[in-house]
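Participant: Shown below is the structure under consideration.
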Amino acid sequence: MAKILHKIRKGLFYTVSCMELVAAIMIAVGILAHLFLIRPYWTLFGVDGLENYLEYLFDGLIGIELVKLLCRHDLTSMVEVLLFAVTRYLILHHGDSLSVLLSVVSIGILFAVRKFLFLHPETREETARRREHFD
């Protein structure tokens, strides 16, 4: 049963990773279309056509990251979900300078947490070997 669940989780993770790639392509195509090709047609998405388009895609990306978090159960996924959420807020909401500053600082803190507080798998294995040696 555990092997079946592992295969399902792995397959779901692969599927959501492909969906993430498709969303990234859609964002790039949408931005290029907005800049060069069909700016007048963005009114199909409302007055703020590109912002609405990006909002839908970012909501989808946050959902994808949540599914990845549920598949992996690790802190890296949690930090990625938080990064997407804060980045979405920063890009789509044009708030005052204090909220922009707090968003940028929180993104910096999340990057610092990811860089300095997470152990890479090789470091984790080496630390476990050292503990076994001293025990």
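Participant: How much FRET efficiency would the formula 1/(1 + (r/R0)^6) give for ALA112 and LYS7, where r is the Cβ-Cβ distance and R0 is 30 Å, rounded to 0.05? Don't skip to the end; give the middle numbers.
Facilitator: On the way: r = 36 Å, r/R0 = 1.20.
Taking R0 as 30 Å, the efficiency between ALA112 and LYS7 is 0.25.
Participant: Read phi for every residue in region 54-66 and hand back ³J(HN,Hα) as whole Hz from Karplus 6.51 cos²θ - 1.76 cosθ + 1.60, θ = phi - 60°, with x for Gly and Pro.
Facilitator: Whole-Hz 3J(HN,Hα) from phi for region 54-66: 5, 4, 4, 5, 5, 4, x, 5, 5, x, 4, 5, 5.
Participant: Determine the alpha carbon to alpha carbon distance for each of LYS10/LYS68; LYS3/LYS115; LYS3/LYS68 and list only those over 21 Å.
Facilitator: LYS3/LYS115
Participant: Quick one: Karplus J couplings for region 95-107, per residue in order, coefficients 6.51, -1.76, 1.60, θ = phi - 60°, nearest Hz, x for Gly and Pro?
Facilitator: Along region 95-107, the couplings run x, 6, 5, 5, 5, 5, 4, 5, 5, 5, 5, 5, 5 Hz.
Only the coordinates and a few stated rules stand behind these numbers; no lab work does. Because the structure is predicted, anything quoted here is derived from the model rather than measured. Note: ideal-geometry Cβ built from the backbone for every residue, glycine included; neighbour counts use all protein chains shown.
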